[in-house]
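First the structure, in the form of C-alpha cells, and then the observations on it.
The values are calculated or read from the model by the stated rules, or taken from the named source; none is laboratory data. Since we're looking at a predicted model, the values are computed, not measured. As a convention, Cβ positions derive from the backbone with ideal geometry for all residues, glycine included, and neighbour counts pool all protein chains shown.
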Amino acid sequence: MRLLPILSIIIFGLVKASTSDDGFCSAPPIAESDEKSKPMYWKVTNPTLSPLHLQDLPGFTRSVYKSDHAVITPESHVFSPLPDWTNALGAYLITPAMGSHFVMYFAKMKDISKSGLPPHDVERFIFVVEGAVTLANSSDTIKKLTVDSFAYVPPNFDHSLNCDGSATLVVFERRYEFLPSHATELIVGSTDKQPLLETPGEVFELRKLLPASLPYDFNIHIMDFQPGEFLNVKEVHYNQHGLLLLEGQGVYRLGDSWYPVQAGDVIWMAPFVPQWYAALGKTRSRYLLYKDVNRSPLL
Ligand code: UGY
Ligand code: MN
C-alpha cells in the first residue's frame, strides 16, 4: 500500500508545525509582571508605552476620543504649566470641552513646587500616585500625603499643596452644587484605612474615599478585581465617570467598543454610556473612579 508513507508524511508535518516557533499559534512572549517588586502604583508613572511588536510603528496610540467616552493612554499625555501653580506641570485628561461637569488632570510637582487655588466655588480632590506632598492652609501644615493618600478640599477653602521632592497627583475639580443648610468638610485619608463596603450582586471589592452623605456631590470609589473577575451589571446610568486604572490590566467595554487597558490608562464615561470591565492578566486590577452622586439630574 502507498497510503502509509503518505499518512506518515502528513502526521510528521502536523507535529512539526505545532512545535515550531513560527507556527500559526505563535505569539510574542508575555512579559512577566514586575508590579509586585515595585512601589505601589508604580505602573501609573512608568507605563508600558506600547506593545513590543508595535514599538517601531510611528503614530500608534491606543487613545480614543468619541462623543460618549474616551480612553486616554500615557503616550498621549501632554504636560504644560498648570495655571496658578508654581513649578508644576499638568496634563488635563477630562474637561467640560468633552461634555463633563468636572476636570480630571495629572499634576507633576518637583523641587520647590506649590499648587494654586481652584476657581471660586470649585471643590478639589487629590490622590497621590507617586512621591509625597504636604497639604497646608494659610497658617499651618495640615498633613503629609504619601502614595495612596488623598484629600478633599471644600470650595473656597484656602490651602496649598507643597512638594520639595517629587510627586504625581491625580486631581478632580468640580463646581460645587450647594444645598441649603449643608456643607462639606476638609477630609484627608488613605485607601487602606477605608472600610470594605457591601457590593450586592457584584464580586469586586469596593471602598469609598468620601462620605456617602448628602453634602458631597461626588464620590471617589476604589474598585479591586482579581484576574478573571468582571462587573456583573452591564451598567447604563445617568452618572458621569472619570477613571484611572491604578493597577493591573483587562478589557473595558464602552458602548459597542472593547478596549484592552492597563495601569496608567484614563477613561472618560459620559452619562448613559454602556460600561463593563473584566480583569485579566496575572495581578489584581484596581481602579479609582469619580462618580457624581446625591444631586437630582434636574438640578
Ligand atoms: O458605581 C459605578 O457606577 C461603577 N461600578 N461603574 C464602573 O465601574 N464603571
Ligand atoms: Mn458606573
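I'd like the full set of residues that are part of a strand (DSSP E or B) and either more than 14 Å from residue 167 (Cβ to Cβ) or touching a helix residue (DSSP H, G or I) at 6+ places or on another chain (Cβ under 6 Å) (or both), limited to segment 115-135. Selection gives 122, 123, 124, 125, 129, 130.
Given the condition closer than 28 Å to residue 49 by Cβ, outside any strand (DSSP E or B) and more than 13 Å from ligand 1 (Cβ to nearest atom), answer yes or no: does some residue in segment 246-254 qualify? Checked segment 246-254: at least one residue is closer than 28 Å to residue 49 by Cβ, outside any strand (DSSP E or B) and more than 13 Å from ligand 1 (Cβ to nearest atom).
Here is a yes/no grid of residues against (1) assigned to a loop (DSSP other than H, G, I, E, B); (2) surrounded by fewer than 21 Cβ atoms within 10 Å (Cβ to Cβ); (3) without any contact (Cβ under 8 Å) to a residue 60 or more places away in the chain:
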{"position": "58", "(1), (2), (3)": "yes, yes, yes"}
{"position": "62", "(1), (2), (3)": "yes, yes, no"}
{"position": "67", "(1), (2), (3)": "yes, yes, no"}
{"position": "83", "(1), (2), (3)": "yes, yes, yes"}
{"position": "100", "(1), (2), (3)": "yes, no, no"}
{"position": "106", "(1), (2), (3)": "no, no, no"}
{"position": "109", "(1), (2), (3)": "no, no, no"}
{"position": "113", "(1), (2), (3)": "no, no, yes"}
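Candidates are the residues of segment 274-299 that are charged (D, E, K, R) and surrounded by fewer than 16 Cβ atoms within 10 Å (Cβ to Cβ); the one that is farthest from the chain's Cα centre (by Cα) is 295.
Scanning segment 45-56 for residues that are loosely packed, with under 15 Cβ neighbours inside 10 Å and touching a helix residue (DSSP H, G or I) at 6+ places or on another chain (Cβ under 9 Å) gives a single hit, 49. In the set (1) more than 22 Å from residue 249 (Cα to Cα); (2) modelled with pLDDT under 95, the condition left unmet by residue 80 is number (2). It is to be established whether one or more residues within segment 187-205 are in contact with a Pro (Cβ under 7 Å, 6 or more places away or on another chain), under 20 Å from residue 264 (Cα atoms), modelled with pLDDT of 95 or more and surrounded by 15 or more Cβ atoms within 10 Å (Cβ to Cβ). No, because not a single residue in segment 187-205 is in contact with a Pro (Cβ under 7 Å, 6 or more places away or on another chain), under 20 Å from residue 264 (Cα atoms), modelled with pLDDT of 95 or more and surrounded by 15 or more Cβ atoms within 10 Å (Cβ to Cβ).
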